[in-house]
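The values are calculated or read from the model by the stated rules, or taken from the named source; none is laboratory data. Model, not experiment: these values are computed from the prediction. Don't worry about glycine lacking a Cβ; one is built from the backbone with ideal geometry, like all the others, and counts go over all protein chains shown.
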Amino acid sequence: MTLLCYADAELLLRLEHDRQALDGAIAARMIQHVRRLLEGLAKDGHRSLSEIPMLVVEERTELLPGPRPSGIQTFCLHERFERRAAEMPHAAALTFGGRTVTYEGLNRRANQLAHRLRTLGVGPDVLVGVHLERSPELVIAILGILCVPSMSCLLG
């Protein structure tokens, strides 16, 4: 994904992305977030970016903690991943350096790590450090650590 900015009489933002890797609607939403941030800076250049809302009300309701309207169900990242792994186990979950890992394979390895961490005494409120380069192993580590506190998300 590449964000291009052109400044002339007006500022033009263009987001170039792989349409197979990123849905067009998501890309359009991302560019709207950048637009809102830039508009906020233009209105008050003394505000920090963290003080400028980039999400619309519906996005804040969906993504941020707090009371939810009735009927809206939320899930943690690892729970969403578990669902996807059950729905499409043989689909590509991630590709890196010419290597592809399926949801089933990623889920299995994350579960193995979660079980191993649990046997080492990791549980709720126990910090686990991760020092890895960007790789499939980093994703496995993050998912495995997220699953440890409850162990309820583990399929196997």
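Specify which of the listed residues (79, 87, 39) is of a type in the set (Asp, Glu) and either in contact with a Ser or Thr (Cβ under 6 Å, 6 or more places away or on another chain) or modelled with pLDDT under 85 (or both).
79
Quick one: in the range 2-27, of everything that is among the small types (Gly, Ala, Ser) and modelled with pLDDT of 80 or more, which residue is surrounded by the most Cβ atoms within 10 Å (Cβ to Cβ)?
For the range 2-27, the residue satisfying everything is 27.
Identify the single condition in (1) modelled with pLDDT of 90 or more; (2) under 17 Å from residue 79 (Cβ atoms); (3) in contact with a Ser or Thr (Cβ under 9 Å, 6 or more places away or on another chain) that residue 110 does not satisfy, given that it satisfies every other one.
Unmet for residue 110, out of (1) modelled with pLDDT of 90 or more; (2) under 17 Å from residue 79 (Cβ atoms); (3) in contact with a Ser or Thr (Cβ under 9 Å, 6 or more places away or on another chain): (3).
Scanning the range 114-123 for residues that are assigned to a loop (DSSP other than H, G, I, E, B) and either touching a Phe, Trp or Tyr at 6+ places or on another chain (Cβ under 8 Å) or not aliphatic (A, V, I, L, M) (or both), which turns out surrounded by the fewest Cβ atoms within 10 Å (Cβ to Cβ)?
The residue in question is 121.
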